[in-house]
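S.K.: Let me give you the structure first, and then I'll get to my questions.
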């Protein structure tokens with residue numbers, strides 16, 4: 001078969017409409033219809049050649065993971081039930097069910113779309129949905145679940161998989177023959193009816209969709225007075241312009257002090273904390289003095305501050321290539337911003353040169 | 001795409017072109033076809049296509065709190081930052097050898113790598 005080279009006018013016009021339909025699926029906060037979801041999961045298992053599973057629905061992915069770990073360890077269940085499920089849980093069907101949906105599908109599309117059309121479709125569908133879902137919702141959830149629970153991995157994010165599903169489905173709509181399309185269609189059906197899923201031999205754990213998803217005007221997860229993602233059981237993720245942060249910084253604002261902000265270990269969270277409190281408040285509360293200020297904000301300003309219980313410390317307040325302000329603690333013997341820059345990368349000031357490009 | 005001759009920085013990675021390869025380098029295997037040039041604990045790594053470059057890490061004379069990596073770039077390829085928001089723009093590398101110094105910071109207990 002000849003590769004498809006370009007879209008018709010109608011197809012081009014349909015592209016953004018189609019993308020928005022999928023975006024709606026990906027960002028849906030509607031409660032899952034458990035009957036429809038169960039039917040979709042059974043169809044997905046059948047398409048993958050797997051025996052029909054028992055389907056357990058939960059209100060959040062955190063509950064799914066807790067249930068899986070409890071059953072795997074035999075905790076909270078009768079011993080024999082625990083042992084049985086434990087054995088079944090040994091066989092994670094992820095790879096099996098995913099094979100046709102992952103690499104095989106990609107090859108299939110690559111073989112049938114001209115490179116530039118494939119890239120164009122990806123830009124219009126995949127990349128846009130990627131920014132909204134994969135890079136934001138999925139990444140923040142993955143990060144938070146990993147931090148808080150004994151993480152159970154999954155390939156199946158339900159509607160949040162819209163970025164690659166839309167890409168592949170549009171290709172099919174314009175004439176690409178998808179091999180093992182039953183499997184693909186079954187997964188589309190799953191994605192449109194369900195939240196994240198954890199699939200094992202004989203048993204599937206399925207989460208509801210989130211109840212709340214809040215974003216800023218650049219589509220980054222963000223909420224200043226509550227969780228950015230909240231599930232119906234209360235499992236929540238707090239975000240500041242896309243950065244996951246501790247719940248306390250939002251729910252119990254007085255817990256976030258200038259000292260906490262400036263000494264927080266993770267530099268992105270340190271920046272978020274500094275933005276939440278406000279740089280002026282931090283500099284004022286810590287009695288910041290300028291030791292040296294370079295004309296170039298990307299070299300920065302060397303400050304000395306007084307931190308309760310710790311003492312005097314020096315920080316380089318610097319703008320990064322993405323235009324955000326960071327505070328990097330540097331040794332007390334630093335006297336200029338440029339010297340601090342050199343120290344940060346382990347060079348002497350004479351070996352250090354300002355980068356030609358900084359992104 | 002941004003290019004450079006001798007010095008560049010992408011987030012916490014400071015890059016400089018080098019003429020002579022130092023001793024004490026250990027090769028680092030790629031992950032899924034990518035070299036993780038700067039690892040992020042939240043998955044926002046800085047990566048380069050493994051087919052176009054070799055990644056090594058310096059094991060001797062490394063200043064406290066730092067990681068120093070070496071990239072041997074065989075064909076033009078970009079260093080990319082895997083994050084959907086506030087992304088550090090990709091930087092194109094010409095064939096050659098480069099040192100990548102990952103930023104450190106001070107704590108009263110000692111120096112540590114900047115974590116993101």
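S.K.: Farther than 18 Å from residue A:146 by Cα, surrounded by 19 or more Cβ atoms within 10 Å (Cβ to Cβ) and more than 14 Å from chain B (Cβ to nearest Cβ): which single residue out of A:249, A:240 fits that description?
M.R.: The match here is A:249.
S.K.: Here is a follow-up. With the condition kept exactly as written, say whether any residue in region A:173-194 is modelled with pLDDT under 85, in contact with a helix residue (DSSP H, G or I) (Cβ under 8 Å, 6 or more places away or on another chain) and within 14 Å of another protein chain (Cβ to nearest Cβ).
M.R.: no
S.K.: Does residue A:271 meet the test of being buried (at least 22 other Cβ atoms within 10 Å of the Cβ) and more than 14 Å from every other protein chain (Cβ to nearest Cβ)?
M.R.: So residue A:271 fails the test.
S.K.: Need the failing condition index for residue B:38 against (1) surrounded by 16 or more Cβ atoms within 10 Å (Cβ to Cβ); (2) facing another protein chain (nearest Cβ under 10 Å), just the number.
M.R.: Tallying (1) surrounded by 16 or more Cβ atoms within 10 Å (Cβ to Cβ); (2) facing another protein chain (nearest Cβ under 10 Å), residue B:38 fails exactly one: (2).
S.K.: Which one of these is under 20 Å from residue A:355 (Cβ atoms) and in contact with a helix residue (DSSP H, G or I) (Cβ under 9 Å, 6 or more places away or on another chain): B:105, B:89?
M.R.: B:105
S.K.: Ok, one more. Look at residue A:233 and say whether it is in contact with a strand residue (DSSP E or B) (Cβ under 8 Å, 6 or more places away or on another chain), outside any strand (DSSP E or B) and surrounded by fewer than 18 Cβ atoms within 10 Å (Cβ to Cβ).
M.R.: yes
S.K.: Taking the residues in region A:258-268 that are touching a helix residue (DSSP H, G or I) at 6+ places or on another chain (Cβ under 7 Å) and within 13 Å of chain B (Cβ to nearest Cβ) as candidates, determine which candidate is nearest to residue A:330 (Cα to Cα).
M.R.: Going residue by residue through region A:258-268, those that are touching a helix residue (DSSP H, G or I) at 6+ places or on another chain (Cβ under 7 Å) are A:258, A:260-262, A:264.
Within this subset, residues satisfying the condition of being within 13 Å of chain B (Cβ to nearest Cβ) are A:262, A:264.
Working: A:262: 12, A:264: 14 Å.
Within region A:258-268, the match that is nearest to residue A:330 (Cα to Cα) is A:262.
S.K.: Still on this structure, I have one more. Tell me, which strands (runs of 3 or more DSSP E) wholly within region A:281-359 include 2 or more residues that are without any contact (Cβ under 8 Å) to a residue 60 or more places away in the chain, more than 10 Å from chain B (Cβ to nearest Cβ) and over 17 Å from residue A:267 (Cα atoms)?
M.R.: In region A:281-359, the matching strands (runs of 3 or more DSSP E) lie at A:289-293, A:301-307.
S.K.: Which one of A:199, A:205 is part of a strand (DSSP E or B), modelled with pLDDT under 90 and in contact with a helix residue (DSSP H, G or I) (Cβ under 9 Å, 6 or more places away or on another chain)?
M.R.: Numbers: A:205 fails: modelled with pLDDT under 90.
Testing whether each residue is part of a strand (DSSP E or B), modelled with pLDDT under 90 and in contact with a helix residue (DSSP H, G or I) (Cβ under 9 Å, 6 or more places away or on another chain) leaves just A:199.
S.K.: From the list B:81, B:46, B:35, B:39, pick out the single residue that is within 12 Å of the chain's Cα centre (by Cα), in contact (Cβ under 8 Å) with a residue 24 or more places away in the chain and farther than 15 Å from residue B:8 by Cβ.
M.R.: Every option except B:35 fails the conditions.
S.K.: For region B:91-116, enumerate the residues that are more than 21 Å from residue A:332 (Cβ to Cβ) and modelled with pLDDT of 95 or more. Step through it out loud before you land on a result.
M.R.: First, the residues of region B:91-116 that are more than 21 Å from residue A:332 (Cβ to Cβ): B:91-102, B:115-116.
Result: B:91, B:92, B:93, B:94, B:95, B:96, B:97, B:98, B:99, B:100, B:101, B:102.
S.K.: Based on what the data block shows, is residue A:226 in contact (Cβ under 8 Å) with a residue 60 or more places away in the chain, surrounded by fewer than 19 Cβ atoms within 10 Å (Cβ to Cβ), in a loop (DSSP other than H, G, I, E, B) and over 16 Å from the mean Cα position of the chain (by Cα)?
M.R.: When the stated conditions are applied, residue A:226 does not pass them.
S.K.: Just wondering, is there one or more residues in region A:321-335 that are crowded, with 22+ Cβ neighbours inside 10 Å, touching a helix residue (DSSP H, G or I) at 6+ places or on another chain (Cβ under 6 Å) and at positive phi?
M.R.: Within region A:321-335, none of the residues are crowded, with 22+ Cβ neighbours inside 10 Å, touching a helix residue (DSSP H, G or I) at 6+ places or on another chain (Cβ under 6 Å) and at positive phi.
S.K.: Of everything in region B:9-35 that's buried (at least 19 other Cβ atoms within 10 Å of the Cβ) and over 12 Å from residue B:96 (Cβ atoms), which residue is farthest from the other protein chains (Cβ to nearest Cβ)?
M.R.: B:35
S.K.: Listed residues B:29, B:8, B:20; which is at negative phi, out of contact with any helix residue (DSSP H, G or I) (no Cβ under 7 Å at 6 or more places or on another chain) and not in a loop (DSSP other than H, G, I, E, B)?
M.R.: B:8
S.K.: Please give the strands (runs of 3 or more DSSP E) falling wholly within region B:45-116 in which 3 or more residues are buried (at least 17 other Cβ atoms within 10 Å of the Cβ), within 8 Å of another protein chain (Cβ to nearest Cβ) and touching a strand residue (DSSP E or B) at 6+ places or on another chain (Cβ under 8 Å). So that I can check it myself, show each step before the final result.
M.R.: Working: elements: B:46-49, B:53-58, B:67-73, B:77-81, B:91-93, B:96-102, B:104-107, B:110-113.
It comes to B:104-107.
S.K.: Surrounded by 15 or more Cβ atoms within 10 Å (Cβ to Cβ) and either within 14 Å of chain B (Cβ to nearest Cβ) or without any contact (Cβ under 8 Å) to a residue 24 or more places away in the chain (or both): is that true of residue A:255 in this structure?
M.R.: Taking the combined requirement at face value, the residue does not satisfy it.
The values are calculated or read from the model by the stated rules, or taken from the named source; none is laboratory data. All of these numbers come straight from a predicted model, not from anything done at the bench. Neighbour counts run over all protein chains shown; Cβ positions are idealised from the backbone, glycine included.
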